[in-house]
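All remarks here apply to the structure that follows.
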Amino acid sequence: MDCLSSVSGGFSVRQLPSVSTFSSSRELMKEQTIIDEQIKPGNIDDELEIDNVLRSINSPVSVDEVDYLRLRPTASLKDVAEQLLSDQRQAVKDLSLLVENLHPQIRMSISGCKILQELFTSLGDLHKQHSILLEQLEEIIQESPERIFSGLSPLLLLHSHNLPLMYANLIRQYPIYISAYDEMRSMQNAFKCIITQFERTPECYIPVHWLLLKIIDDVPNWQKIVAQMIELLLTEGKSDGELTSMRISLEKISQFAHATEKPRQMLSDYTSLVAIEESVIGTNSLCHPDRKILRVGYVHRWSGQLSPRILILCTDCILFAHRTQKSFVLNANLKLKGLLLDEGDSCHLLGDLAENAITLHSEGKSIVIVTQQHFEWMRDINEAVKAAAKSRILIPAIDIDKSSSEEVSELDSGSVLYVLWHRKVSISGIQLSQSVSYSKSGYLLRKLRNTRGWQKLWVLLTANCMFFYASHDKPTPLASLSLIDYGIGLPRSEDQIRHPCCIRLYYGKHNYFFRANNEFSFESWLLALRKCAINEKSEDL
């Protein structure tokens, strides 16, 4: 399918993500994390600091902006419940992709693999449970405010008990499942072809690895929603006794999120390695349980002249890749242990071009790079070198095989490396690994700066990208917009937008406006967008 995506900032035609060869990840089984049956309580991560968020936007605040903020309608319990409904619609859609779309295609291929059969059985059970929850939520949301409350309390209590238990069992086995999946993909060409073709279908908006990671973060993301429900109900005069069921639900969800935080983060780090490895050629040994991506992005390297490169900073090494017509090809590898770092051009190669230069010295050779994100690269490389010097963990070196350069398929224009290359920026390892952890979905009104009308769309925010659907029940996105290096803020006076609950996204000359229908939705979208790899130095922040 051809869909619309943004690389240079505006929308352009591309194909949906496709994936090249995965490496075997049997070693991931060594890192299987056992979740205690007695889940330990944890604190709720208090990230709803909306006042601080708004104070950081368009500061100092003008009179017009104060009036604009006052126009925002306050949220109701139904508004918050609708966010839970939106999330469940997307959860069911994601599970349907795996259970109803992918599984029938690979059923014969995995007939001899009990581990993968068990994985899809577990996913099928979750799909049924989420479908039941979705159906019940759709019924409750149509009721009066009082009946919404009386219906939500027992519903949340039931599913906050059942779903965490199901997910805990799944997450406990996830390293084994992912290892079996990767091994089968690397060993069986037929299985690999099925997966590759599936990931090229219009419905599969992100690769299977990211989908498998995304679904296990659904329940932890309930915390903010349930906490907001309790806060709203208290302001409406509900007593603590009336909120006992919801408080128990929140405690169970919080305990589950805390207990599974470490294995979920481990899986996120591994999936980041997979995402990078599938976008480059020249190695099949990038993925390792003890290796993490710390920063990745665009730089210039001096090689007789300044040449564009992708630089990949890992916990044990620095990799360089150059761009060909078809792919990114690894061509250099520096070990962090023993690496010396100089700020500036200590080799005196650049002359007047020495601004924002960094010199790397390793094993008798020196490499000079130039980057607009000088501070971020200096900080992250320096910290990585110090950590590598103290580390006693031995990670196998990455072998670069330059002879494999003709074996790769056409470069995916939706991949992270492709976007970073065209926008000439970098992102941190955290921004990459957590890109699907903070997903959000729901209806928004969208407007381009040079158009008059607003278009109502179902929007999915995940993987540092917004996917736009005609409605929540449509399987195929109409378009997508990568948010890497985008700025975020409120509409300016020259935009002539007086609607409440409106967010402005911009990159270069491109401006997009999104309207939410209530304060809670506006605030939650604002927070979710700020967690993407946006430009932190943009004029509105």
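Given the conditions (1) surrounded by fewer than 23 Cβ atoms within 10 Å (Cβ to Cβ); (2) within 24 Å of the chain's Cα centre (by Cα); (3) within 17 Å of I358 (Cβ to Cβ), report the number of the one that R295 does not fulfil.
(1)
Select from region 260-273 the residues that are hydrophobic (A, V, I, L, M, F, W, C) and surrounded by 22 or more Cβ atoms within 10 Å (Cβ to Cβ) and list them in ascending order. Even if it seems obvious, please write down each step before you answer.
If we filter region 260-273 for residues that are hydrophobic (A, V, I, L, M, F, W, C), which is where we start, we get 266-267, 273.
Correct list: L267, L273.
Y512: closer than 25 Å to S426 by Cα and in contact with an Asp or Glu (Cβ under 7 Å, 6 or more places away or on another chain), yes or no?
Working: closer than 25 Å to S426 by Cα: yes; in contact with an Asp or Glu (Cβ under 7 Å, 6 or more places away or on another chain): no.
Criteria not met by Y512.
Among the residues of region 437-468, which ones are more than 20 Å from L213 (Cα to Cα), of a type in the set (S, T, Y) and assigned to a strand (DSSP E or B)?
Once the filter is applied, which keeps residues that are more than 20 Å from L213 (Cα to Cα), of a type in the set (S, T, Y) and assigned to a strand (DSSP E or B), region 437-468 yields only Y443.
Being out of contact with any Gly (no Cβ under 6 Å at 6 or more places or on another chain), within 28 Å of T196 (Cβ to Cβ), assigned to a strand (DSSP E or B) and not β-branched (V, I, T) narrows it down to one residue among L311, L334; which is it?
Details: L334 fails: within 28 Å of T196 (Cβ to Cβ).
Unique residue meeting the criteria: L311.
Looking only at region 216-228, decide whether some residue is outside any helix (DSSP H, G or I), of a type in the set (V, I, T) and within 25 Å of the chain's Cα centre (by Cα).
So in region 216-228, the residues outside any helix (DSSP H, G or I) come out as 216-218.
Checking the rest, the ones that are also of a type in the set (V, I, T) come to 216.
If we keep only those that are within 25 Å of the chain's Cα centre (by Cα) too, we end up with 216.
Yes: one or more hits.
From the list D316, D269, pick out the single residue that is in contact (Cβ under 8 Å) with a residue 24 or more places away in the chain, outside the structural domain of P164 (by TED's automatic domain parsing) and of a type in the set (D, E).
Details: D269 fails: outside the structural domain of P164 (by TED's automatic domain parsing).
Criteria check complete, one pass: D316.
Across region 288-310, what is the total count of residues that are out of contact with any His (no Cβ under 9 Å at 6 or more places or on another chain) and either more than 30 Å from E183 (Cβ to Cβ) or not assigned by TED's automatic domain parsing to the domain that holds A389 (or both)? If you could, list the steps in order and put the result at the bottom.
Of the residues in region 288-310, the ones out of contact with any His (no Cβ under 9 Å at 6 or more places or on another chain) are 288-297, 299-300, 302-305.
Now narrow it down to the ones that are either more than 30 Å from E183 (Cβ to Cβ) or not assigned by TED's automatic domain parsing to the domain that holds A389 (or both): 297, 299-300, 302-305.
Residues meeting the conditions: 7.
On the given criteria, is S76 surrounded by 15 or more Cβ atoms within 10 Å (Cβ to Cβ) and at pLDDT below 95?
On the way: surrounded by 15 or more Cβ atoms within 10 Å (Cβ to Cβ): yes; at pLDDT below 95: yes.
Yes: the conditions hold for S76.
Identify, from the list I176, I195, the residue that is among the β-branched types (V, I, T) and more than 23 Å from S415 (Cα to Cα). Steps first, please.
Working: I195 fails: more than 23 Å from S415 (Cα to Cα).
Just a single option satisfies the conditions, and that option is I176.
For every residue, the table says whether it meets (1) assigned by TED's automatic domain parsing to the domain that holds D269; (2) modelled with pLDDT under 95; (3) crowded, with 22+ Cβ neighbours inside 10 Å; (4) part of a loop (DSSP other than H, G, I, E, B).
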site	(1), (2), (3), (4)
S153	yes, yes, no, no
L157	yes, no, no, no
L170	yes, no, no, no
E183	yes, yes, no, no
K192	yes, yes, no, no
I195	yes, no, yes, no
F198	yes, no, no, no
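Identify, please: which residue in region 396-432 is assigned to a loop (DSSP other than H, G, I, E, B) and modelled with pLDDT of 85 or more and is, among those, surrounded by the fewest Cβ atoms within 10 Å (Cβ to Cβ)? Explain how you work it out, then say what you get.
In the first step, residues of region 396-432 are kept if they are assigned to a loop (DSSP other than H, G, I, E, B); the result is 396-401, 405-415, 424-425.
Narrowing the set further to residues that are modelled with pLDDT of 85 or more leaves 415, 424-425.
On the way: S415: 21, K424: 15, V425: 18.
Per the stated criteria, the residue is K424.
Out of curiosity, is R452 crowded, with 16+ Cβ neighbours inside 10 Å and over 20 Å from the mean Cα position of the chain (by Cα)?
In short, no.
May I ask you to list the residues in region 469-501 that are without any contact (Cβ under 8 Å) to a residue 24 or more places away in the chain and either closer than 20 Å to S415 by Cβ or assigned to a strand (DSSP E or B) (or both)?
Result: Y469, single match.
Would you confirm whether any residue within region 368-383 is assigned to a strand (DSSP E or B) and in contact with a Lys or Arg (Cβ under 6 Å, 6 or more places away or on another chain)?
Restricting attention to region 368-383, the residues satisfying the condition of being assigned to a strand (DSSP E or B) are 368-370.
Narrowing the set further to residues that are in contact with a Lys or Arg (Cβ under 6 Å, 6 or more places away or on another chain) leaves 369.
Yes, region 368-383 contains a residue that is assigned to a strand (DSSP E or B) and in contact with a Lys or Arg (Cβ under 6 Å, 6 or more places away or on another chain).
For residues in region 311-365 being closer than 24 Å to I293 by Cβ, surrounded by 15 or more Cβ atoms within 10 Å (Cβ to Cβ) and among the polar types (S, T, N, Q), which is nearest to the chain's Cα centre (by Cα)?
Top of the filtered list is T315.
Across region 502-519, what is the total count of residues that are at pLDDT 90 or above and either over 25 Å from S415 (Cα atoms) or loosely packed, with under 15 Cβ neighbours inside 10 Å (or both)?
Selection size over region 502-519: 4.
Looking at L478 and the list (1) surrounded by 18 or more Cβ atoms within 10 Å (Cβ to Cβ); (2) touching a Phe, Trp or Tyr at 6+ places or on another chain (Cβ under 7 Å), which single condition is not satisfied?
(1)
Please go through region 237-258 and give me each residue that is surrounded by fewer than 21 Cβ atoms within 10 Å (Cβ to Cβ) and outside any loop (DSSP other than H, G, I, E, B), ordered by number. Full working, then the answer.
Taking region 237-258 and keeping what is surrounded by fewer than 21 Cβ atoms within 10 Å (Cβ to Cβ), we get 237-245, 247-248, 251, 255, 258.
Result: G241, E242, L243, T244, S245, R247, I248, E251, Q255, H258.
Given the criteria at pLDDT below 95, in contact with a strand residue (DSSP E or B) (Cβ under 8 Å, 6 or more places away or on another chain) and of a type outside the set (F, W, Y), does I276 qualify? I'd like the intermediate steps shown before the answer.
Details: at pLDDT below 95: yes; in contact with a strand residue (DSSP E or B) (Cβ under 8 Å, 6 or more places away or on another chain): yes; of a type outside the set (F, W, Y): yes.
Answer is yes for this residue.
Can you pull out every residue in region 510-526 that is part of a strand (DSSP E or B) and of a type in the set (A, V, I, L, M, F, W, C)? Walk me through how you get there before you give the answer.
Here is the first cut: in region 510-526, the ones part of a strand (DSSP E or B) are 510-515.
Of everything in region 510-526, those that are part of a strand (DSSP E or B) and of a type in the set (A, V, I, L, M, F, W, C) turn out to be F513, F514.
Does S272 satisfy being in a helix (DSSP H, G or I) and hydroxyl-bearing (S, T, Y)? Let's see the steps before the verdict.
Details: in a helix (DSSP H, G or I): yes; hydroxyl-bearing (S, T, Y): yes.
Answer is yes for this residue.
The values are calculated or read from the model by the stated rules, or taken from the named source; none is laboratory data. Because the structure is a prediction, the values reported are computed rather than measured. For neighbour counting, all protein chains shown are included, and Cβ atoms are generated from backbone atoms with ideal geometry for every residue, glycine included.
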